[in-house]
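Accompanying notes for the structure given below.
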Amino acid sequence: MMRAMYAAVSGLKNHQTLLDVTANNIANVNTVGYKGSRVSFADSLSQTVIGATAPGNGQAGRNAAQVGLGVQLASIDNLMGGGSLQSTGETTDVAIQGEGMFVVAKGAPPALPGAVEYTRAGDFTFNDEGFLTTQQGEYVLGRKEAGAGAPNTYIQVPKGATDVAIGQDGSVSYVPEGGGERVTAGYISIAKFANEAGLVRTSGSNWIESAASGKAQDGTPGGGFGLTISGTLEMSNVELASEFTNMISAQRGFEANSRVISTADEMLQNLVNLKR
């Protein structure tokens, strides 16, 4: 009976975690660039009541008899599949079609960028100095030349420039004040990872690399990296139908484990009442 109660307690705890993750997914169903999470369970330790034996001495042998001791959290996986693309018509709204993530950093130009983070949220803007930034105030990093090898730097469009455009190759171009030929301010940097699901969430739909994700492979759109689509945003990849199913499953699992505890408690009460 005590084993049953402890097993049920582990079920309560882990179904609460399932509900927590599901609730966070539902809360971010309209968050730009959000990637959902998935909970996986695994059985916990088992107590061997009777050991396994091999055939011999006229006996056929027998399998082990074990009693499980509950459930444990196996993993909380990041689901890195692409979200739906939404057309906005805003030049500075950029989605990545294919592999890769935008590279952003905090810091103040002309100093070199500090620690970098990564995101699929492309709702960018220009600050009062003409630097391309995120809505959280981080700088969107780019390169002066397309391709890999060049160092990351800031992307700045001079004041008074007009007709700003962002191409599929990540180029940020503009027409100088007073007219003239179009000038390319830089190319938006894209990074990809051997194990993208191994990235660690921070905040604002940002991620940082970890030992599980591997080192970032930097480049610019095209040539193995995704293309940048201006005037479009990648929305959350959360599937509401699946999340509501998970929510019902978490609720029923919690209720069932609660019932096990109540049943074990009644059995213990009957046992105590044997002596009157």
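The values are calculated or read from the model by the stated rules, or taken from the named source; none is laboratory data. Given the structure is predicted, the values throughout are model-derived calculations rather than measurements. Positions of Cβ are generated from backbone atoms using ideal geometry, with glycine treated the same way; all protein chains shown enter the neighbour counts.
Consider S40 carefully, then state whether it is in contact with a helix residue (DSSP H, G or I) (Cβ under 7 Å, 6 or more places away or on another chain) and free of Cβ contacts under 8 Å to residues at least 40 places away in the same chain. I'd like the intermediate steps shown before the answer.
Working: in contact with a helix residue (DSSP H, G or I) (Cβ under 7 Å, 6 or more places away or on another chain): no; free of Cβ contacts under 8 Å to residues at least 40 places away in the same chain: yes.
No.
Count of region 241-256 residues, restricted to those that are surrounded by 12 or more Cβ atoms within 10 Å (Cβ to Cβ), of a type in the set (A, V, I, L, M, F, W, C) and more than 14 Å from N14 (Cα to Cα), is 1.
Of the residues L12, L18, which is among the hydrophobic types (A, V, I, L, M, F, W, C), over 18 Å from E243 (Cβ atoms) and in a helix (DSSP H, G or I)? Write out each step before concluding.
Working: L18 fails: over 18 Å from E243 (Cβ atoms).
Going through L12, L18 in turn, the sole match is L12.
If you check S40 against the conditions, is it in a strand (DSSP E or B), more than 19 Å from T202 (Cα to Cα) and of a type in the set (G, A, S)? Yes. So which residues in region 172-215 are surrounded by 20 or more Cβ atoms within 10 Å (Cβ to Cβ) and either modelled with pLDDT under 95 or not assigned by TED's automatic domain parsing to the domain that holds V116 (or both)? Answer for region 172-215, where residues must be surrounded by 20 or more Cβ atoms within 10 Å (Cβ to Cβ) and either modelled with pLDDT under 95 or not assigned by TED's automatic domain parsing to the domain that holds V116 (or both): just S205. Here is a check on your reading of the model: is G107 loosely packed, with under 14 Cβ neighbours inside 10 Å and part of a loop (DSSP other than H, G, I, E, B)? No; evaluated as a whole, the condition is false for this residue.
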